[in-house]
Each structure stands twice: as structure tokens, then as C-alpha cells.
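Here is the structure we will look at, set down as C-alpha cells.
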Amino acid sequence: MPRSNTNTRKPTDVPMTTVRVLILYYSRHGATAHMADQIARGVEAVARAEALVRTVPAVSPVSEATAPPVPKDGPPYATLDELEQCDALALGSPTRFGNMAAPLKHFLDGTSGQWLSGALAGKPGAAFTSTGSLHGGQETTLLTMMMPLLHHGMLITGLPYTQPELHRTHSGGTPYGASHVAGSDGDAAHTEDEERLCRALGQRLAVTAAALAHGRQA
């Protein structure tokens, strides 16, 4: 007669914990901020997933200038503790000559402690961006934003072509991450396809983070 092992617990019996997705971005005119909000919607469409939207202060050309501890409006500034404690990260910036903006780069340059401790290793990460023109450096910005995530040991999450919006978009949207074409004045409305891809990216991050957390608990 086979013995029953009462200590064996099925993976489905493992209680699921809430996963936190940090959406960290810099936005000059609001286009990237709107994308961050859409990504947050995608995250929170997943059960037991929480979106934490944070920004970074601008870099001043005056070395003595300092930003106030709390911004006048919008989300709070990110802290290194929040970066350490997140289960997934979405990194967003407008493009600056094919790369991320200086304020976000400045924040990441201060994460050596998290790199040394491996705080982000094995966690999913993704990127999103906004440009003034259709061929204004979206893909190079997304790819270069992935570099520090790879150095931190993160698992890069993109957008697969199973997303129908990638096949029909005439504005933003790439397999490397969500994107938006803001126009020369930075005030072009986000298209429905762009917003859907933002939400899809948030959902993929949350689902991946939850699966990884569930596997560790099992």
C-alpha cells in the first residue's frame, strides 16, 4: 500500500504574496509620465500586483542647486530602498540623442550598492520611452536603458509580436518595450495602440514577477 506524505505541499497550495512593480521614470513634458500611468494600469490588472510609480528630480546645470525633497506635483521621488524592495522594474525616459535623459542616468549611477549586493538580480525589468519623431531614437534608447538592468542581473522583458498592436501601429510600439511619438512640440496624444502596449508591458512584468515569486515560495 503506497505511503502518503503529509508533508508534501503542491505548488498550487503555496499562498501567493503581493508583488510590487516599481515604475521609475523621468518626464519633461508629461508624455513619459502618461505612459507610466498606463503601465501602472496594466500592473494592477493582475491579481496581487501593486504598481509603485516614482520619478526622479531634474539635474541642474548649477552644481549648488538641489531639488526639494518632495516634488510640487506628480509622484514622489524614488528612493534606493524602493528600488531594492521591488519585485520588478519598469524604467522610462524620453530620448536624449538616442539614450536616456540625464536625471534617470544620474539616479542609476548611484545604485552601486544595489549592484554589489545583487538586490535586483533575477528580477524582471523593462523599458519604455517617448520621442519627438517616429525615427528619433526609440529603439536605441530602449536598448541602452537595458544595459544597466543587465548589469544588475535583471531579466529583460519586452513585448512579443503576439500583441496585435505591434503589427498595426503607425506611431510608437516596439518589441524592445513600449514607446510613444510625442511630436515636435511634445504634445501629441497617445494613440490607443500605444496605450494598450503600455498596459501589456505592465501586465507582463507583473505576471512574470508573480510567477518568479511563486516559484521561490514553492
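The values are calculated or read from the model by the stated rules, or taken from the named source; none is laboratory data. Note that the structure is predicted; figures quoted are calculated from it, not measured. Every residue, glycine among them, receives a Cβ derived from its backbone with ideal geometry; neighbour counts consider all protein chains shown. Side chains are part of the model used for accessible areas, which takes the heavy atoms of the whole protein and leaves out ligands, DNA and RNA. Shrake-Rupley method; radii C 1.70, N 1.55, O 1.52, S 1.80 Å.
Close amide H partners of A90, meaning residues 5 or more places away or on another chain with modelled amide H under 5 Å apart, are L22, I23, L24, A126. Think of the chain as a dipole: +1 on every Lys or Arg Cβ, -1 on every Asp or Glu Cβ, centred on the Cα centre; then among T157, A90, A210, A210 lies furthest on the positive end. Over the stretch 102-161, Cα pairs under 8 Å with separation of 6+ residues give a relative contact order of 42 percent. Between the labelled values (i) 17.9, 53; (ii) 16.7, 49; (iii) 18.6, 79, the entry that holds Rg and Dmax of the Cα atoms in Å as derived from this structure is (iii). Ranked by the mean number of other Cβ atoms within 10 Å per residue, highest first, peptides 149-162, 89-102, 46-59 order as 89-102, 46-59, 149-162. Which shape class applies to the stretch 145-218: rounded if a/c is under 1.5, otherwise prolate when a/b exceeds b/c and oblate if not, where a ≥ b ≥ c are the square roots of the Cα gyration tensor eigenvalues? Prolate. For a modelled paramagnetic label at T18, 7 Å from Cα along Cα-to-Cβ, the residues of the stretch 82-106 in reach, with backbone nitrogen under 19 Å, are 82-90. Applying a DSSP loop filter and a limit of 11 other Cβ atoms within 10 Å to the GluC sites (Glu not before Pro) in the stretch 52-138 leaves E64.
Using a 1.4 Å probe on the protein heavy atoms, what percent of the accessible area of the chain belongs to carbon and sulfur? Answer for the chain: carbon and sulfur cover 54 percent of the accessible area.
For the chain, adding -39500 (n - 2.57) for each run of n ≥ 4 DSSP H residues and dividing by the number of residues yields -11000 deg cm²/dmol at 222 nm.
Scanning the chain for long hydrophobic helices, with DSSP H runs required to stretch 27 angstrom or more by C-alpha along their axis and to average at least -1.0 on the Kyte-Doolittle scale, returns 192-217. Computed log10 I(q)/I(0) for the stretch 14-61 at 0.24, 0.27, 0.30, 0.31 Å⁻¹: -0.85, -0.97, -1.09, -1.12, from the Debye equation with unit scatterers placed on every C-alpha and solvent omitted.
Using the Cβ of V53 as centre and a radius below 12 Å, the other residues enclosed give a net charge of -1, where K and R count +1 and D and E count -1.
For the chain, the dipole from Cβ point charges (+1 on Lys and Arg, -1 on Asp and Glu) about the Cα centre works out to 800 debye, to the nearest 20. The mean accessible area for residues of the stretch 92-195, using a 1.4 Å probe and ignoring ligands and nucleic acids, is 46 Å² per residue.
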